[in-house]
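The values are calculated or read from the model by the stated rules, or taken from the named source; none is laboratory data. Quick caveat: nothing in here was measured; it's all calculated off a predicted structure. Neighbour counts run over all protein chains shown; Cβ positions are idealised from the backbone, glycine included.
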Amino acid sequence: MKLITIAIDGHSSCGKSTMAKDLAKEIGYIYIDTGAMYRSVTLFALRNGLITEAGIDEESLRQSMADIMITFCLNEETGRPDTYLNGVCVEKEIRTMEVSKWVSPIATLGFVREAMVDMQRLMGEAKGVIMDGRDIGTVVFPDAELKVFVTASADVRAQRRYDELMAKGEACSLDEIRANIIERDRIDSTRAISPLRKADDAIVLDNSDMTIPEQKAWLLEQYHRAAGED
Ligand code: DC
């Protein structure tokens, strides 16, 4: 069976990671959530006082990049990989509203992107990987055999994120989440370095009206086609 690279890009909270994780589990590929990597850098910056009311202390963050190690480790219980920052699981901490608020500005910084892209290319070097993010099909793996660009309406995405946070018991407001999603779309799509955009050869999936099993079946079909197993 041909091992391929699968790039899944798209807007915030459109269910990319759910689809990607499910497919990885089904076909035995490694799943890399690159958003979790930018979130981990943001958490590191928050914890080390590099983000204050005045903004991001870019120079100190630049100097600290060598101290940030991000790894993924399969959680036997969930069957999905958890994110580790310097050896400590931060899967829950990186999903808070505070991190969500700062992650897009952090992800606009060139030195942060360079470091993350280098790590991502190493992680995907051997193929057999599904990576989700914003610039995977355009910058990280422009030669990926399968590229999918996922989107859904802002209302649908906000409701999904709200349900997810509520299920985890985190207090949140639907309006605040919706505003955060719209703002992140704006920053992600207009930043100078590697803005979010569909690769010319990506297949678009608008999943606003699709169930999770429908998305899963759709993605599996695309994988079979791309890996030449049909
Ligand atoms: O997928 P997510 O919502 O967890 O991503 C968090 C942020 O990280 C998002 O606002 C944009 C940024 N990001 C990025 O710039 N490039 C990636 N490859 C992945 C995420």
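Taking the conditions exactly as written (β-branched (Val, Ile, Thr) and either closer than 24 Å to ILE27 by Cβ or in contact with a strand residue (DSSP E or B) (Cβ under 6 Å, 6 or more places away or on another chain) (or both)), does ILE193 satisfy them or not? Give the steps one after another, and end with the answer.
Values: β-branched (Val, Ile, Thr): yes; either closer than 24 Å to ILE27 by Cβ or in contact with a strand residue (DSSP E or B) (Cβ under 6 Å, 6 or more places away or on another chain) (or both): no.
It is false that ILE193 is β-branched (Val, Ile, Thr) and either closer than 24 Å to ILE27 by Cβ or in contact with a strand residue (DSSP E or B) (Cβ under 6 Å, 6 or more places away or on another chain) (or both).
Please find, among ALA192, ALA202, the residue that is within 16 Å of the ligand (Cβ to nearest atom) and in contact with a helix residue (DSSP H, G or I) (Cβ under 6 Å, 6 or more places away or on another chain).
ALA202
Please specify each residue of region 32-53 satisfying the condition of being more than 23 Å from GLU114 (Cβ to Cβ) and either at pLDDT 95 or above or in contact with an Asp or Glu (Cβ under 8 Å, 6 or more places away or on another chain) (or both).
Initial filter on region 32-53 (more than 23 Å from GLU114 (Cβ to Cβ)): 49, 52-53.
Selection gives GLY49 alone.
If you check ASP135 against the conditions, is it within 13 Å of the ligand (Cβ to nearest atom), under 16 Å from ILE8 (Cβ atoms) and acidic (Asp, Glu)?
Spelling it out, ASP135 is indeed within 13 Å of the ligand (Cβ to nearest atom), under 16 Å from ILE8 (Cβ atoms) and acidic (Asp, Glu).
Output the number of residues of region 194-219 satisfying the condition of being small (Gly, Ala, Ser) and assigned to a helix (DSSP H, G or I).
The total comes to 1.
Considering only residues that are assigned to a loop (DSSP other than H, G, I, E, B) and over 20 Å from LEU165 (Cβ atoms), which ones fall in region 78-96?
Answer for region 78-96, where residues must be assigned to a loop (DSSP other than H, G, I, E, B) and over 20 Å from LEU165 (Cβ atoms): GLY79, ASN86, GLY87.
Within region 110-130, how many residues turn out to be surrounded by 21 or more Cβ atoms within 10 Å (Cβ to Cβ) and more than 8 Å from the ligand (Cβ to nearest atom)?
Total meeting the criteria: 4.
Which one is surrounded by the most Cβ atoms within 10 Å (Cβ to Cβ) among residues in region 90-109 that are within 11 Å of the ligand (Cβ to nearest atom) and among the hydroxyl-bearing types (Ser, Thr, Tyr)?
SER100
Within the bounds of region 103-120, is there any residue that is among the hydroxyl-bearing types (Ser, Thr, Tyr) and over 21 Å from ASP22 (Cα atoms)? Walk me through how you get there before you give the answer.
Our first condition is that a residue be among the hydroxyl-bearing types (Ser, Thr, Tyr); within region 103-120, this holds for 104, 108.
Applying the additional criterion that residues be over 21 Å from ASP22 (Cα atoms) yields 104, 108.
So far as region 103-120 goes, yes, one or more of its residues are among the hydroxyl-bearing types (Ser, Thr, Tyr) and over 21 Å from ASP22 (Cα atoms).
So if I check each of GLU145, GLU170, which one is under 20 Å from VAL99 (Cβ atoms) and either among the basic types (Lys, Arg) or surrounded by fewer than 20 Cβ atoms within 10 Å (Cβ to Cβ) (or both)?
Within the list GLU145, GLU170, the selection yields GLU170.
Could you go through region 73-89 and let me know if any residue there is within 15 Å of the ligand (Cβ to nearest atom), at pLDDT 95 or above and farther than 22 Å from CYS172 by Cβ.
The answer is yes; a qualifying residue exists.
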